1. Kindly identify the chain as rounded, prolate or oblate by the Cα gyration tensor criterion: order the square roots of the eigenvalues as a ≥ b ≥ c, call it rounded if a/c is under 1.5, otherwise compare a/b with b/c, prolate if a/b is larger, else oblate.
2. Got the relative contact order for the chain handy, in percent, Cα pairs under 8 Å and 6 or more residues apart?
3. Would you kindly state the longest site-free stretch of the chain, with sites defined as GluC sites (Glu not before Pro) in a DSSP loop (not H, G, I, E, B) surrounded by at most 16 other Cβ atoms within 10 Å?
4. Take every DSSP beta bridge with both residues inside the chain and express the antiparallel ones as a percent of the total, to the nearest 5.
5. List the trypsin sites (Lys or Arg not before Pro) within region 153-204 that fall in a DSSP loop (any state other than H, G, I, E or B) and whose Cβ has at most 14 other Cβ atoms within 10 Å.
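What follows is calculated from the coordinates using simple rules that are stated; it is not laboratory data. Source: prediction; values computed, not measured. Note that each Cβ is placed from the backbone with ideal geometry, even for glycine, and that neighbours are counted across all protein chains shown.
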Amino acid sequence: MGSAQSGFILILSAPSGAGKSTLARHLVSQDPSVRFSISTTTRECRPQETNGVDYFFVSRSEFEQQRHQGNFIEWAEVFGHCYGTTRQFVEQSIAHGDIVLLDIDWQGARQVRAQLPANHVVSVMILPPSYPILRQRLLQRGRDSLSVVEQRMAQAEAEASHWGEYDYVLINNQLERAQQDLVAVVRSERLRIQRMEHQIREIVG
C-alpha cells in the first residue's frame with residue numbers, strides 16, 4: 001500500500017573525513033522511512049553480503065545492457081567496478097513514501113538532478129569546519145599514508161567547491177548538532193506543499 005505522502009531522494013555528498021557515513025547511519029536509525037539506496041554493481045559479492053540487500057550483483061555485460069536501456073539514474077566506475085543507482089528501485093520507493101538516501105559525489109548528484117523532477121531530489125553537502133581540521137581527522141584515522149592524505153585533501157577541495165549546487169550545506173563541527181540538523185532537513189522537506197498536497201486536499205478540499 002502506497003503512502004499518501006510522496007517520498008524523495010536525499011543526496012549526501014562530502015569530502016572524505018567530513019563525517020558523512022556517521023551522519024547517514026544516525027539518520028537511518030532515527031527514521032524508519034529513510035532507507036539506503038541499493039546500488040547495482042559489477043564487483044564480486046563478498047561472503048557477508050546478500051544479493052538484493054547490500055547490492056544487486058550483476059555481470060559487466062548485464063550492467064552495460066541496463067545502462068544502455070536507461071535503467072540507472074546515475075552510475076560511475078570506481079577501481080574497475082561499476083556502480084549504478086537503479087531507476088526502478090528509486091521510483092518505487094518514492095511512490096511508497098520512502099526517502100532514498102544516496103551517498104554520491106557532486107558528479108553523481110548532477111546526474112540524478114538531470115534525470116528526475118526537482119521535487120523528487122533534496123541534496124545536502126556536508127563540510128568539515130575547516131581544511132586543517134579535516135587534514136587532522138584524516139591523519140588521526142591512521143588508514144592512509146601521508147601522500148594519500150594529501151591526495152584526499154586535494155579531492156576534498158575539489159568536492160567542496162561545488163557546494164553552491166546543493167540545497168543545503170551542513171557544517172559538521174559538532175557531531176550531535178550536525179545529526180540534529182540533518183534530521184531537521186528531512187522533517188522540513190516532508191512538509192513541503194508538493195509532498196503534502198494529497199493530505200492537504202483531503203482536509204481542505
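1. It is oblate, given that a/c is not under 1.5 and a/b is not larger than b/c.
2. Relative contact order of the chain: 32 percent.
3. No qualifying site falls inside 50-205, the longest such stretch.
4. Around 30 percent antiparallel, to the nearest 5.
5. Of the trypsin sites (Lys or Arg not before Pro), the ones in loops of region 153-204 whose Cβ has at most 14 other Cβ atoms within 10 Å are ARG192.
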